[in-house]
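Let me begin by presenting the structure, written as structure tokens, before commenting on it.
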Amino acid sequence: MVSIYQLKSRFQQLLRPLLGGLVKLGIRANHVTLVAMLSSIAYGLWLYADIHSSLPWQCLPLFLFLRMALNAIDGMLAREHGQQSRLGGILNEAGDVVSDAALYLPFALIAPTPLLAVLCVLLAFLTEYIGVLGPMLGASRRYDGPFGKSDRAFAYGLGALLLAWNPDWAARADGVFAAGSALLLLTCANRARAILAEAEGEKHV
């Protein structure tokens with residue numbers, strides 16, 4: 001199913017020239033992962049503290065793009081420069097869900113029905129959990145859409161811009177979060193089906 005994640009390889013090509021310099025500076029994949037997570041927490045606290053100001057909402061799409069770049073860089077450093085580790089795997093998966101919570105839960109403060117915004121965050125956690133189950137069940141780590149991490153970043157970034165430009169948009173946020181929840185459930189189903197199909201295929205090889 002179509003997902004922004006399919007553009008990842010091209011995005012990585014654009015970032016690859018930075019890797020050599022980072023390695024020379026002694027920066028490791030785990031450092032980048034931690035910077036991405038801690039900066040996301042800090043940004044989320046800014047949103048909480050200044051929820052009615054347009055500035056943090058206006059800047060959120062730029063920050064989400066930066067976070068995606070950091071996520072791509074830590075993966076390339078790990079794979080291409082011999083920095084893969086069990087600790088790195090834990091930090092990568094845990095950092096993603098912590099960052100999502102920090103950046104996306106503030107939307108609950110502007111939504112007419114806060115629980116819908118919280119539900120979207122919880123379902124996002126479930127999509128990543130199912131994706132991580134792949135290797136444990138004889139398949140690969142799954143990133144199937146239609147509402148994976150990159151797609152969510154785009155959607156939340158767009159929502160933040162709409163909110164910054166027109167605060168009245170918040171009155172219509174419930175419909176958006178309801179649609180997001182439906183897409184997340186579909187994403188969970190797609191990842192589960194892909195894991196089962198891949199695992200069954202491996203058995204017959």
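For the chain, place one equal point scatterer on every Cα, skip the solvent, and apply the Debye formula. What is log10 of I(q)/I(0) at q = 0.09, 0.18, 0.19 Å⁻¹?
Calculated log10 I(q)/I(0) at the listed q: -0.37, -1.32, -1.41.
Compute the Rg to Rh ratio over the range 166-205 from the alpha carbon atoms, using the Kirkwood formula for Rh, and round to two decimal places.
With Rg and the Kirkwood Rh in hand, the quotient comes to 1.41.
Where does the charge balance sit around P112 when Lys and Arg score +1, Asp and Glu -1, over other residues with C-beta under 9 Å from its C-beta? Before the final figure, lay out each step's value.
Values: positive: R172; negative: D174.
That works out to 0.
Considering only protein heavy atoms, what per residue accessible area in square angstrom results for the range 35-111 with a 1.4 angstrom probe?
Working: 3540 Å² over 77 residues.
Per-residue value: 46 Å².
Leaving out ligands, DNA and RNA, and with a 1.4 Å probe, what % of the accessible surface on the chain is carbon or sulfur?
Reported share for carbon and sulfur atoms: 70 percent.
Please give, to one decimal in nm, the separation of the simple spin-label points placed at H31 and L196, each 7 Å out from Cα toward the Cβ.
That separation, rounded to one decimal, is 4.5 nm.
Subtract the Cα-Cα distance of W165 and S140 from 0.36 nm times their separation in residues, and report this length gain in nm to one decimal.
Contour length minus Cα-Cα distance gives 4.9 nm.
Given the options D74, D168, D144, state which has the largest fluctuation in a GNM of the chain using a 10 Å cut-off (strictly under) for Cα springs.
The residue that fluctuates most here is D168.
Where Rh denotes the Kirkwood radius from the mean inverse Cα pair distance, what is Rg over Rh for the range 120-197?
In the range 120-197, Rg relative to Rh is 1.09.
Using Cα-Cα distances under 8 Å and only pairs 6 or more residues apart, what relative contact order does the chain have, in percent?
With pairs under 8 Å counted, the relative contact order is 29 percent.
Go through E198, E80 and list them by solvent-accessible area, largest first, probe radius 1.4 Å.
From most exposed to least exposed: E80, E198.
Quick one: Karplus J couplings for the range 36-52, per residue in order, coefficients 6.51, -1.76, 1.60, θ = phi - 60°, nearest Hz, x for Gly and Pro?
4, 6, 5, 5, 5, 4, 4, 5, x, 5, 4, 4, 4, 6, 10, 4, 9
The values are calculated or read from the model by the stated rules, or taken from the named source; none is laboratory data. Keep in mind it's a predicted model, so treat the numbers as computed, not measured. All Cβ positions, even for glycine, are placed from backbone atoms using ideal geometry, and neighbour counts span all protein chains on display. Note: areas computed on protein heavy atoms with side chains; ligands, DNA, RNA excluded. Shrake-Rupley method; radii C 1.70, N 1.55, O 1.52, S 1.80 Å.
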